Amino acid sequence: MTRLIHCLLLILLAWSSQNASADNGAELRELRKRLEDLQREYQITRESRADAADLLRQSERAISDAKRKLQNLESEQQRTRSELNDVNNQLNRINANIVDGQKRLAEMLKQSYMRGGSDSLKLLLGGKDPNQISRELVYLNYLSREQLNVIESLRKEVEHLARLKQTASEKDRKLTDIRLSKQTEQETLLKEKQSRQMLLNKLTGRIKSQRREIDALRQDEKRLSDLVTRLARMARQRNDKTRKIAANKNSQARPSGPVGINTELPDTAIGNLSFTRLKGLLRLPVKGELMNRFGAPRDDGGMSWKGLFIRALEGAEVRAIASGRVVFAEWLRGFGNLLIVDHGEGYMSLYSNNESLYKQPGESVKAGDTIATAGNSGGQEESGVYFELRHQGRPINPMAWIK
């Protein structure tokens, strides 16, 4: 659009040097001044939007960190609960062993009592047959040893029971600490989301202001175009040039709706094949609507699309398209929460505008692993994921690799 405005200005300057009427000259000067003012305001608004996007960095990184901490706390809580269940099972088993030992000891004491409380001295002085005395002494010794064994076993079980109760108490305290930590992290996450929402509202206001300026600029463009059309009757060649510029502008308009819908997610079945063998086997990283085509002109008439923007629900799972290693996981201006996976052989995949990043640089990922959640970080108006595929640093068409 800016290039078109410059072209129109040059044409108008050339025509204003001719013998146009005084009214037309005044109108041209007025429109030219207004157009220049709008250009300056448009540039200021774009810069303000970029500055506002920078303000999102700290908030969006905090949200990503808080969500990752909550996820870790959830895992730790489940693990601690499982450990506590194991301890409780052991406690039940030990209690059963103690009850069983107590019954055995009671039975031994009962047998001893029924034998009249005999001891070795009474047997020796009782005047019984020596063989009978020998058998009685052997039995008493066995009974005494068995009683001692049962008592020692009970003592160990009671000590074990005390240790397990201490362990259970510690696990219970740990669960309490985890619950408090989760509550703190959830409160932090809520505050950060509220702070982020305030920033987004501010950014949205600036974007709306920018759109109003653009609309005004387009209205003035129409006025200039009408004036050029009237003046072009005196110069057929310039009139043809104006129509070509307008036709070129119309041909660069971006489709207003989605150009496709993705309903499949990356599949773990592709395993660890080399990336060059995966052409035609990959899936897009998130379910949603494809809002542009690779290589198509962007809305501002500037650079073309080097990737695909997939509009998706906030919090939707973003999965790795293939196995590789995370080489970047950080907030980046213009891209928000950005994650890059190196697949080897010079191939990399980029996932930006995420709400939260689940992987860190250096971590290995497999095809189908959840690496992030979709969002609108970096000042993106719509929730989703901007996805690029690159080879040797150059963007390539992802759709050529999609199944």
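Within segment 290-374, considering only strands (runs of 3 or more DSSP E) that don't extend past its boundaries, which have at least 2 residues that are farther than 16 Å from residue 397 by Cα?
Numbers: elements: 308-311, 317-319, 324-332, 336-344, 347-357, 370-374.
Hits in segment 290-374: 317-319, 324-332, 336-344, 347-357, 370-374.
So is residue 36 closer than 30 Å to residue 198 by Cβ and either in a helix (DSSP H, G or I) or modelled with pLDDT of 65 or more (or both) or not?
No.
Please go through segment 353-403 and give me each residue that is without any contact (Cβ under 8 Å) to a residue 12 or more places away in the chain and within 17 Å of residue 285 (Cα to Cα), ordered by number.
396
Among the residues that make up segment 41-61, is at least one of them at pLDDT 75 or above, surrounded by 16 or more Cβ atoms within 10 Å (Cβ to Cβ) and within 22 Å of residue 356 (Cα to Cα)?
Checked against the condition, which is being at pLDDT 75 or above, surrounded by 16 or more Cβ atoms within 10 Å (Cβ to Cβ) and within 22 Å of residue 356 (Cα to Cα), segment 41-61 yields at least one hit.
Quick test of your reading of the structure: residue 362 fulfils all but one of (1) buried (at least 22 other Cβ atoms within 10 Å of the Cβ); (2) more than 16 Å from the chain's Cα centre (by Cα); (3) within 23 Å of residue 69 (Cα to Cα). Name the failing condition by number.
Exception for residue 362: condition (1).
So which residues in segment 66-76 are modelled with pLDDT of 75 or more and farther than 18 Å from residue 376 by Cβ, if there are any at all?
If the condition is that a residue be modelled with pLDDT of 75 or more and farther than 18 Å from residue 376 by Cβ, then 68, 69, 71, 72, 74, 75, 76 are the ones that fit.
Of the conditions (1) surrounded by fewer than 20 Cβ atoms within 10 Å (Cβ to Cβ); (2) of a type outside the set (D, E, K, R); (3) closer than 23 Å to residue 72 by Cα, residue 392 fails just one. Which one is it?
Unmet condition: (3).
For segment 325-342, state whether one or more residues are crowded, with 19+ Cβ neighbours inside 10 Å, aromatic (Phe, Trp, Tyr) and out of contact with any helix residue (DSSP H, G or I) (no Cβ under 8 Å at 6 or more places or on another chain).
Yes, that holds for at least one residue.
The values are calculated or read from the model by the stated rules, or taken from the named source; none is laboratory data. These numbers were taken from a predicted model, which means no experiment stands behind them. Heads up, the Cβs are rebuilt from the backbone with ideal geometry, glycines too, and the neighbour counts pull from every protein chain shown.
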